[in-house]
Ligand SMILES: Cc1cc2nc3c(=O)[nH]c(=O)nc-3n(C[C@H](O)[C@H](O)[C@H](O)COP(=O)(O)OP(=O)(O)OC[C@H]3O[C@@H](n4cnc5c(N)ncnc54)[C@H](O)[C@@H]3O)c2cc1C
Ligand code: FES
């Protein structure tokens, strides 16, 4: 579940979700015009840092829909975007229509034909990605793609942000049920609901270690820049 698109002119927020269990099944029973009580925006969105010259979006499955709004924001300020969308098969691919509507070149890859193989994707990106720190790689929906982004950052030099998923009981930082488990500067492990869901992913150049770090954006981002994972 994620904020998929925002249309300021119409005052519309688009949320895309997969029907998985009782809660999301209940969501399908709402009719157009019916009212729903929502709390938000909460947490931190992806942060399109000002010196970003190239944005690479790595999404898998329902996680792809957390990246589409970032693509739109980047295109609006003239940042070139490369999107790779990974899914089990062509019929489970999502988000490409919206990417294309924003003028983003999207490459769909699938498990069914082997094109989603991580080493193959790595080799392609390693060859084509600009070698500079001002490339931002945003990842959602796959630990393997995140690991690949880490390897790309080591070899090509790039910043990484990742949107993490957790079941959230309070969403407000009280219950600590959504802690990432990462060590941090304080005693607390970063919370996905409050410090994320989007985190900077910091890789060490000489080792395979990495860590999540709260991004630099304000803790309460504006509705138009909010994107979340679910
Ligand atoms: C420790 C703990 C205590 C909780 N206490 C309460 C409580 O007192 N009252 C209450 O109403 N709920 C509470 N919850 C949340 C509730 O358990 C979940 O919302 C519920 O289990 C989700 O199942 P579902 O059938 O509604 O959604 P599903 O349809 O099964 O969910 C499908 C998808 O929706 C998204 N999603 C659904 N719920 C959440 C969520 N909570 N956070 C993030 N993503 C979500 C996920 O992407 C998930 O994959 C608690 C959760 C935890 C971990
Ligand atoms: S969901 Fe309660 S602290 Fe994050």
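The values are calculated or read from the model by the stated rules, or taken from the named source; none is laboratory data. Since the structure is predicted, the reported quantities are computational estimates derived from the model, not experimental observations. Note that we place each Cβ from the backbone using ideal geometry, even for glycine, and neighbour counts take in every protein chain shown.
Need pairs with beta-carbon distance below 8 Å; first residue farther than 14 Å from residue 197 by Cα and within the stretch 169-183, second away from ligand 1 (no atom under 14 Å from the Cβ) and part of a loop (DSSP other than H, G, I, E, B); sequence gap 6+ or separate chains.
Final answer for the pair search is 183/189.
In this structure, does residue 144 turn out to be outside any loop (DSSP other than H, G, I, E, B) and either modelled with pLDDT under 90 or farther than 24 Å from residue 197 by Cβ (or both)?
On the way: outside any loop (DSSP other than H, G, I, E, B): yes; either modelled with pLDDT under 90 or farther than 24 Å from residue 197 by Cβ (or both): no.
Criteria not met by residue 144.
Name the residues in the stretch 152-182 that are under 17 Å from residue 140 (Cα atoms), modelled with pLDDT of 90 or more and over 16 Å from the mean Cα position of the chain (by Cα), would you?
178
Of the residues that make up the stretch 162-176, is at least one surrounded by 14 or more Cβ atoms within 10 Å (Cβ to Cβ) and away from ligand 2 (no atom under 16 Å from the Cβ)?
yes
Among (1) more than 12 Å from ligand 1 (Cβ to nearest atom); (2) more than 11 Å from residue 58 (Cβ to Cβ); (3) buried (at least 16 other Cβ atoms within 10 Å of the Cβ), which single condition is residue 157 missing?
The single condition residue 157 does not satisfy is (3).
From the list 88, 100, which one is at pLDDT 90 or above and touching a helix residue (DSSP H, G or I) at 6+ places or on another chain (Cβ under 9 Å)? Break it down into steps so the answer makes sense when it comes.
Values: 100 fails: touching a helix residue (DSSP H, G or I) at 6+ places or on another chain (Cβ under 9 Å).
Only one candidate passes the filter, namely 88.
Within the stretch 20-41, take every residue that is within 22 Å of residue 178 (Cα to Cα) and within 11 Å of ligand 1 (Cβ to nearest atom) and give me the one that is surrounded by the most Cβ atoms within 10 Å (Cβ to Cβ). Working first, answer last.
Narrowing the stretch 20-41 to residues within 22 Å of residue 178 (Cα to Cα): 20-24, 38-41.
Next cut, within 11 Å of ligand 1 (Cβ to nearest atom) only: 20-24.
Working: 20: 11, 21: 8, 22: 6, 23: 10, 24: 13.
It comes out as 24.
Taking the options 96, 86, 200, 116, name whichever one is farther than 21 Å from residue 54 by Cβ, more than 16 Å from ligand 2 (Cβ to nearest atom) and surrounded by 16 or more Cβ atoms within 10 Å (Cβ to Cβ). Steps first, please.
Numbers: 96 fails: farther than 21 Å from residue 54 by Cβ; 86 fails: farther than 21 Å from residue 54 by Cβ; 200 fails: farther than 21 Å from residue 54 by Cβ.
When all the criteria are applied, what remains is 116.
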